[in-house]
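One structure is given below, encoded as structure tokens.
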Amino acid sequence: MTRAWFLPVLLLLCGSVVAAGLVSSGSPGPAASGLLLFVLFAAVNSPLVFPRSMGALEAQRRGAVDGRPVVFWRPGCPYCLRLRIRLGRRARELHWVDIWRDPAGAAAVRAVNDGDETVPTVMMAGVPHVNPDPAWVREQLPSAHHR
């Protein structure tokens, strides 16, 4: 199991333990609600919430061609999740790089953040922006002026 799935699996296991305890104490309704809550937290903290990631070199090549930002992120990062949620459907228009799956992506982030893997780091026209405002990122999309 990769570390990207560690937190979601841990949340599911904890939810299962809590639900089992509630069921054994005669509270099936709260058990179901609690388990559902843990499942939702696990889903939100999983890589499934994000658009499909690609390698850093491919993302940077595509970004240079189409002018779209490249977002370096990692699962479990609340700031990455905030960016993803605030972008809504428009998130699919960016190029996403999971730094835990791509060593070149992690190296690119460390190179612009004094050796730290601070995410989200958004590269726009070769210029890094660390944890930028989601509204600003949305404005950087080529089709932003037409919507």
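Values as computed for the structure displayed
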{"quantity": "Enumeration of residues in the range 39-75 that are under 10 Å from the mean Cα position of the chain (by Cα) and among the aromatic types (Phe, Trp, Tyr)", "calculated": "Phe50, Phe72, Trp73"}
{"quantity": "Qualifying residues in the range 1-38 (those that are within 17 Å of the chain's Cα centre (by Cα) and of a type in the set (A, V, I, L, M, F, W, C)) - the one farthest from Asp98 (Cα to Cα)", "calculated": "Leu11"}
{"quantity": "Some residue of the range 63-72 being modelled with pLDDT of 90 or more, in the same structural domain as Asn131 (by TED's automatic domain parsing), closer than 18 Å to Glu117 by Cα and part of a helix (DSSP H, G or I)", "calculated": "no"}
{"quantity": "Scan of the range 60-84 for residues that are surrounded by fewer than 15 Cβ atoms within 10 Å (Cβ to Cβ) and on the phi > 0 side of the Ramachandran plot, ordered by number", "calculated": "Gly67"}
{"quantity": "Candidate set: the range 1-32, residues that are among the polar types (S, T, N, Q) and surrounded by fewer than 13 Cβ atoms within 10 Å (Cβ to Cβ); chosen: the one modelled with the lowest pLDDT", "calculated": "Thr2"}
{"quantity": "Residues that are part of a helix (DSSP H, G or I), of a type in the set (A, V, I, L, M, F, W, C) and at pLDDT 95 or above, drawn from the range 88-107", "calculated": "Ala104, Ala106, Ala107"}
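Rundown of residues vs (1) surrounded by fewer than 17 Cβ atoms within 10 Å (Cβ to Cβ); (2) in contact with a strand residue (DSSP E or B) (Cβ under 9 Å, 6 or more places away or on another chain); (3) part of a loop (DSSP other than H, G, I, E, B); (4) modelled with pLDDT under 90, yes/no style:
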position	(1), (2), (3), (4)
Phe41	yes, no, no, yes
Glu58	yes, yes, no, no
Arg86	yes, no, no, no
Val109	no, yes, no, no
Val119	no, yes, yes, no
Pro128	no, yes, no, no
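The values are calculated or read from the model by the stated rules, or taken from the named source; none is laboratory data. Computed from a prediction, not measured in an experiment: that's the story for all the values here. Cβ coordinates were reconstructed from backbone atoms using ideal geometry, including for glycine residues, and neighbour counts include every protein chain displayed.
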